[in-house]
Amino acid sequence: MVRSTMIFRVTDGLPLAASVDDESTEKDLVEQKQQSKLLCRRMTDRSEPACSIESGKFTIHYLLVDQVVYLAVCDGSYPRKLAFSYLDELSKEFQRSYESQIASANRPYCFRGFDTFISKTTRLYQDPHTAQASAPMSNMDKLNTDLQDVTRIMTKNMEDLLWRGDSLDRMGQLSSSLKTESAKYKRAARNINLQAMLRKWAPVGGIGFFTILFLWWRFF
């Protein structure tokens, strides 16, 4: 299930909004919330736009959209596709409601009113079985189009990121490299297919050309 939600501005790590968590949740997620704040301070324009980060028995999923990062702390077993569908819903509504005010926000949690939407959306996604059915089709379509396969979203370990020198930026560079190599492979495959087609149909085309040329010479 979705345990907690946080929204930060990437440029300076300012917290913009968050879910209202009960005392038990606050106690259970002290470490994960602190880690989320540290991660946001390390994010840049080159950071991976979507990532899942393992932290103990929980997973922190984040979505980076227009200099705002949306984080959800979920149980480790919670479906990743639903987690990103949830974050996508939050990002759309937050941008729709506060887009013109985000850059000028100058105090923490100045969009407290958004916690109502967070709470309502969290309830829809609490049960993975019902959430799969109730998630808007537009969100699922977007995930299928933009993210294609959530299993391809980078997964990192929190200790590697915070204490062993790993970087969210390097993840972005790796992702870009993979995309570049994939594009090269597709171009090469198209060239091979084109060459194969030419080899297959060139003799037929040649015969047809000479047939037309002969008929034109013979009758015209």
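Charge tally for Leu29 (other residues, Cβ to Cβ under 15 Å; Lys, Arg +1; Asp, Glu -1): -3.
In this simple spin-label model, placing a label point 7 Å from the Cα along the Cα-to-Cβ direction at both Arg41 and Ile207 gives a separation of 7.6 nm. Say R0 is 25 Å: what FRET efficiency, to the nearest 0.05, do Val20 and Arg107 get from their beta-carbon distance? Efficiency at R0 = 25 Å is approximately 0.90.
Using the Cβ-Cβ distance between Ser97 and Asp66 with R0 = 22 Å, the FRET efficiency computed as 1/(1 + (r/R0)^6) comes to roughly 0.95.
Here, each number is a calculation from the coordinates, and none is a lab measurement. Note that the coordinates shown come from a computational prediction; the quantities given were computed from them, not determined experimentally. With ideal geometry, Cβ positions are generated from the backbone for all residues, glycine too; neighbour counts draw on all protein chains shown.
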